[in-house]
Ligand SMILES: Nc1ncnc2c1ncn2[C@@H]1O[C@H](COP(=O)(O)OP(=O)(O)OP(=O)(O)O)[C@@H](O)[C@H]1O
Ligand SMILES: [Mg+2]
């Protein structure tokens, strides 16, 4: 029941182990405890001394009566008076308290009964005894005989009723002391238990708060991200919609225009055949417009316009497919369409710029079936991974490194999942960056360029919403490869079959298969 002693420990106790002890100390005033102990010990001592004084005074009384030497008698009288004074002071101290002797004067019920009630009536016994001893000590020499009544009283009391009463009182002081100590110990033990319970409750509370904080952070991140994504999606969708109408109009009419132009050119040819000698005004016009060149070039102009409008239609289709804001359910989706539309949207970022060559995009598409997923969300994952790859390449170029920038996108079916591998030869990442990759708001990019939400949201989309897995392999200064695994059908969760063992910077995350060489790092399951 006692709190653990810090002295018996072989190692330093932890803060949490100490906290109940600290709480206990806060509730217990050690000075108060030791004062209580001292008072208790003093009462036992003084009551014991009373017993001793009663025996000594009885002996001195006998010696006084038996001694014939006057000088010796005086000495004994003096000693007797000193002892009996001390006995009286001690007695008063025990009953009324005495600061010098550290006596409180607080008596238990049992002690009060012993002092003032039969069978002991100790107060009366002691005072009578003191009076008798004083009387003997002050008696004339002639009165100092063996049958002196004071002496007889003293001898009798000291060996019977006074002795019995004093013994009982000393015992009672000891019992009271033990009871007091026990009560103190129980109090302390109860307080200790309360402190432990309070500490445990505080710990649980702190854990709850920590969890709530994490959830709040995640929700905040998700809100910001979904706000960003939904505004981007809406913007793209409305742009695609706005462009789509006039473009379809042009696209639809272009084939008529082509036919009409063919007809008109045919008419001109027929005119030319029927009237080989046109008049002067017609002749001048034919030369002015260079009819021969126009007739040859116009069909080509029209066909290049058709190619252009077809391209615009394709871009509009990609934009619509990318945004997919109308799709709230999982649907079988062609992932290659998602990759292509993402590449198209990012097309401008692949082009050569003043300070850098163009980024080569190498696509190696496998034979993927339709994959059951939220297409819009998967597109966001792809968008973030490819944009990160471009950023990493630009960072490496900014460092003055000379290389042929490229991004490889490979797809394949692995087991029951589709695997998309996006590899870049950009700046790569350090161990420190790698370990925090999926933390919300973690970014190494300057303010305004990155929010640090891309990968944390990607994790939620791929791992939590689709039951897939994400891997990242990276070598600082050389590049990074992300692997995204999505189950072909929901209900068949990712198998995480492609765990690489080559690089120390390989890691993967999967909610389903935490046991593949699982290692807990900062609460995340990292698979090596
Ligand atoms: N391909 C990569 N090469 C090197 N570092 C990368 C790569 N992808 C991600 N990182 C690192 O991981 C960090 C977090 O990426 P994440 O996509 O979560 O956020 P972000 O790109 O910084 O910002 P956001 O995606 O919100 O615009 C990046 O800041 C970068 O340091
Ligand atoms: Mg990003």
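The values are calculated or read from the model by the stated rules, or taken from the named source; none is laboratory data. Bear in mind the structure is a predicted one, so any value in this text is a computation, not a measurement. Methodologically, a virtual Cβ is constructed for each residue, glycine included, from the backbone with ideal geometry; neighbour enumeration extends over all protein chains shown.
In the set (1) farther than 30 Å from residue 35 by Cα; (2) assigned to a helix (DSSP H, G or I), residue 183 fails one condition alone, (1). Checked against the criterion of being within 13 Å of ligand 2 (Cβ to nearest atom), closer than 30 Å to residue 330 by Cα and at pLDDT below 95, the stretch 412-421 has no qualifying residue. One residue stands out among those in the stretch 443-468 that are modelled with pLDDT of 90 or more and outside any helix (DSSP H, G or I): the one that is farthest from ligand 1 (Cβ to nearest atom), which is 467.
Yes/no matrix, rows are residues, columns are (1) away from ligand 1 (no atom under 13 Å from the Cβ); (2) closer than 18 Å to residue 346 by Cβ:
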position: 365; (1), (2): yes, yes
position: 371; (1), (2): yes, no
position: 378; (1), (2): yes, yes
position: 384; (1), (2): no, yes
position: 387; (1), (2): no, yes
position: 390; (1), (2): no, yes
position: 401; (1), (2): yes, no
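Among strands (runs of 3 or more DSSP E) entirely within the stretch 352-442, having at least 3 residues that are surrounded by 14 or more Cβ atoms within 10 Å (Cβ to Cβ) singles out 371-373, 406-414, 417-424.
For residue 121, are the conditions met, namely being loosely packed, with under 14 Cβ neighbours inside 10 Å and under 25 Å from residue 43 (Cβ atoms)? No, not satisfied.
Within this structure, residue 20 fails the test of being at pLDDT below 90, outside the structural domain of residue 160 (by TED's automatic domain parsing), surrounded by 12 or more Cβ atoms within 10 Å (Cβ to Cβ) and more than 28 Å from residue 147 (Cα to Cα). Taking the stretch 445-457 as the range and being within 12 Å of ligand 2 (Cβ to nearest atom) and surrounded by fewer than 16 Cβ atoms within 10 Å (Cβ to Cβ) as the test, the residues that pass are 445, 449.
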